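Below is one structure, written out as structure tokens, with a few remarks after it.
Read-outs: derived from the displayed coordinates by stated rules, not from any lab. Since the structure is predicted, the reported quantities are computational estimates derived from the model, not experimental observations. Positions of Cβ are backbone-derived with ideal geometry, glycine not excepted, and every protein chain shown enters the neighbour counts.
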Amino acid sequence: MPQFPSQSSASDIWSLTDVSRAIQGQNWPIVVQTAYESIATTVVGASPALTVTFNSIPSTYKHLQIRAIALSNSDSVPVLLRFNSDSGSNYSWHTLNGQGSVAGSGGGTSASSVILTLNANRGLNASYPWAYVVDILDYTDTNKYKTVRALHGADYNGSGEINLTSGNWRNTAAVSTITLSMASSGFNQYSSFALYGIKG
Amino acid sequence: MPATYEPISTQTLTSAVADVFFTSIPQIYTDLVLVMVGGCAANSGIGFRVNGSNANMYSTTFVEGITSATSFRYSVQNWLRIGYNASWGAGLGQTAFMNFQNYSNTTTYKSVLSRVGTIEMNCAGASVGTIHTTGAISSINIMTSNGNSYNIGTTFTLYGIKAA
């Protein structure tokens, strides 16, 4: 019998005979071949975290995606997104939001971060997770400023908000560090932030 | 780095049905993504229940664009509707995309971020829903607001994403 690979590997080449034997033997391994890989995950422990940082991000992908849920005792402290520890006035962002009865919009230019979860009293909650899917596009391209798009929000069964946000970091450097932060209060226990890479 | 974003199950309708089920969902992933492409027999709100529960434990906030941006909310519902005006109509050219965040954890309520595009209603929308349970999601029942069927050819694909 051939030595079946125990995990996905592009270098493993199976002959038709190998495949046939595997099928007949009901010995078909799980072979995963996707262009989407998990890079790192942070789950907040018992002490609230003011900052969640992804360092030393590999430059081997085309795009990045952050998938997260966040809890906090404060509903009025914005969540800030920064790259490469840059807190200069090098960001801009805009958002379209739905607040249940009205649709709104907002934004900032020459800002010190991309702002996610902006609005006072409609921000994070201690019981209901605020969910995020954030895409950082062409993050290694040194010919472009970096762009972000995000779908995020929370419904609190009577209040809450859904947001479509775009952002820009006016820097052509490759993104190697991503920071999500709150100035006070912080992310509560069970908040979870996962970074993924998407190959081009 | 471990590869992920794996297809769990795909269903393509060969007959029109009002309910589509994904059961025995593996608990080995962090998030689920459900992609739907198709249509309904007549204009219908689309959404789902989880774990076979029709308790009043679902709520959703929407933002939608037809000719201008609008927002709506459903609270204390017995299913989670992902579009308000962004319902599905005839044909097969409508899309829906749902992110079930941290579906297998047993400590937090579950959040669902969705996008819907519907040419029949000339509407695009996004929504966030909360499932007011800390139980892990092990099954999803996709349904419509009025019992109308999904059309033959409509596809439903469930993916799993596992954080390292």
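Give the calculated FRET efficiency between B:Ala136 and A:Leu50 to the nearest 0.05, with a Förster radius of 25 Å applied to their Cβ-Cβ distance. Step by step, r from the Cβ atoms, then E = 0.25. Using the Cβ-Cβ distance between A:Thr177 and A:Ser101 with R0 set to 45 Å, the FRET efficiency works out to roughly 0.70. Each Cα pair under 8 Å and six or more residues apart adds its separation to the average, and for chain B the resulting relative contact order is 41 percent. Counting, for every residue in B:154-164, the Cβ atoms of other protein chains within 10 Å of its Cβ and taking the mean gives 3. Measuring r between the beta carbons of A:Ala126 and B:Ser53 and using R0 = 25 Å, the FRET efficiency lands at 0.55. Answer rounded, prolate or oblate for the protein assembly as shown, using the Cα gyration tensor with square roots of eigenvalues a ≥ b ≥ c: rounded when a/c is under 1.5, else prolate when a/b is larger than b/c, else oblate. Oblate. Per-residue Karplus couplings for the stretch B:107-112, computed as 6.51 cos²θ - 1.76 cosθ + 1.60 with θ equal to phi - 60°, are listed in order as 10, 10, 4, 9, 10, 10 Hz, Gly and Pro entered as x. Legend: mean number of C-beta atoms from other chains within 10 angstrom of residue C-beta atoms, peptide A:155-168, equals 6.
Counts of other chain beta carbons within 10 angstrom of each beta carbon in peptide B:1-8 average 6. Packing here is the average count of other Cβ atoms within 10 Å per residue, and on that basis the peptides B:48-60, A:51-63, A:85-97, A:160-172, highest first, run A:160-172, B:48-60, A:85-97, A:51-63. Packing order of peptides A:128-141, B:128-141, highest average first: A:128-141, B:128-141 (average count of other Cβ atoms within 10 Å over each peptide's residues). Taking the fewest neighbouring Cβ atoms within 10 Å as the starting point, the ordered list for B:Glu64, B:Glu120 is B:Glu120, B:Glu64.
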